[in-house]
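The values are calculated or read from the model by the stated rules, or taken from the named source; none is laboratory data. Because the structure is a prediction, the values reported are computed rather than measured. With ideal geometry, Cβ positions are generated from the backbone for all residues, glycine too; neighbour counts draw on all protein chains shown. Note: accessible area is taken over every heavy atom of the protein model, side chains too, but ligands, DNA and RNA are not part of it. Shrake-Rupley method; radii C 1.70, N 1.55, O 1.52, S 1.80 Å.
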Amino acid sequence: MTSETHPRQLLLLRHAKAEHPDQIPDVQRPLSLVGRRQATQVGAGLAADGLVPDLVLCSASVRTRQTWELLRASLGAEPDVRYLDELYSAGSRGLVDLVRAVPVEVRTLLVIGHEPTMSQTATLLAGPRSDPGTLARVRIGVPTASWSLLEVADWAALDEGAATLRRLTIPT
């Protein structure tokens, strides 16, 4: 089996909908009731599609952690998870650097982060075999709890245009 016939799967998930309370720093914003429902639906959807991650890289913000915990509960799996402070403010190049360091044995990677980094990273990585309609939609940004699926040949060699953007799933 080569990586060409069985590519790695990169899932880029924007956190679920968060509250906007006064006097709370952005990094501490919790999920709203809508966001809690969205996160549960994402987990169920990933499980139904057979997209269960081997590894999760999650921003250390409250809303991304809550998104992961609710998603995990409906995913039906317990993958390794790493909470990374640098994901909170990472741009697309910084996120790509984090993905390049993922161990070779990881086949499916879930990254839970923030906009505009999630859509910009999907756009940066999308190569010529990407779905044009999906790419056009991702270029304008993604709503909360949306996730992009990209196929990647090799984590370590990941670079601009080196992935295939297959789809964008937007919550209903």
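If you go through segment 137-164 and pick out every residue that is closer than 16 Å to PRO116 by Cβ and not basic (Lys, Arg), you end up with 10.
Scanning segment 8-28 for residues that are in contact (Cβ under 8 Å) with a residue 12 or more places away in the chain, farther than 13 Å from TRP68 by Cα and out of contact with any strand residue (DSSP E or B) (no Cβ under 6 Å at 6 or more places or on another chain) turns up GLU19, ASP26, VAL27, GLN28. Pairs are defined by a Cβ separation below 8 Å, a sequence spacing of at least 6 or placement on different chains, a first member in segment 91-114 that is under 20 Å from SER146 (Cα atoms), and a second member that is small (Gly, Ala, Ser) and open to solvent by 10 Å² or more (accessible area, probe 1.4 Å); the pairs so defined are GLY113/ALA90.
If you go through segment 146-157 one residue at a time, do you hit one that is surrounded by fewer than 20 Cβ atoms within 10 Å (Cβ to Cβ), closer than 29 Å to ARG37 by Cβ and of a type in the set (S, T, N, Q)? No, segment 146-157 contains no residue that is surrounded by fewer than 20 Cβ atoms within 10 Å (Cβ to Cβ), closer than 29 Å to ARG37 by Cβ and of a type in the set (S, T, N, Q).
Which one is most open to solvent (accessible area, probe 1.4 Å), of the residues in segment 5-55 that are hydroxyl-bearing (Ser, Thr, Tyr) and not in a helix (DSSP H, G or I)? Applying the filter and picking the extreme gives THR5.
Going residue by residue through segment 58-70, is there one that turns out to be out of contact with any strand residue (DSSP E or B) (no Cβ under 8 Å at 6 or more places or on another chain), of a type outside the set (Val, Ile, Thr), at pLDDT 95 or above and not in a loop (DSSP other than H, G, I, E, B)? Yes, that holds for at least one residue. Here TYR83 meets the list (1) without any contact (Cβ under 8 Å) to a residue 40 or more places away in the chain; (2) touching a helix residue (DSSP H, G or I) at 6+ places or on another chain (Cβ under 7 Å); (3) open to solvent by less than 50 Å² (accessible area, probe 1.4 Å) almost entirely, failing just condition (3). If you go through segment 105-119 and pick out every residue that is open to solvent by 30 Å² or more (accessible area, probe 1.4 Å) and either assigned to a helix (DSSP H, G or I) or under 30 Å from GLY133 (Cα atoms) (or both), you end up with 3. When restricted to residues that are part of a helix (DSSP H, G or I) and either of a type in the set (Asp, Glu) or open to solvent by 30 Å² or more (accessible area, probe 1.4 Å) (or both), segment 125-145 contains 5. Against the list (1) over 17 Å from the mean Cα position of the chain (by Cα); (2) open to solvent by less than 60 Å² (accessible area, probe 1.4 Å), the condition SER61 fails is (1).
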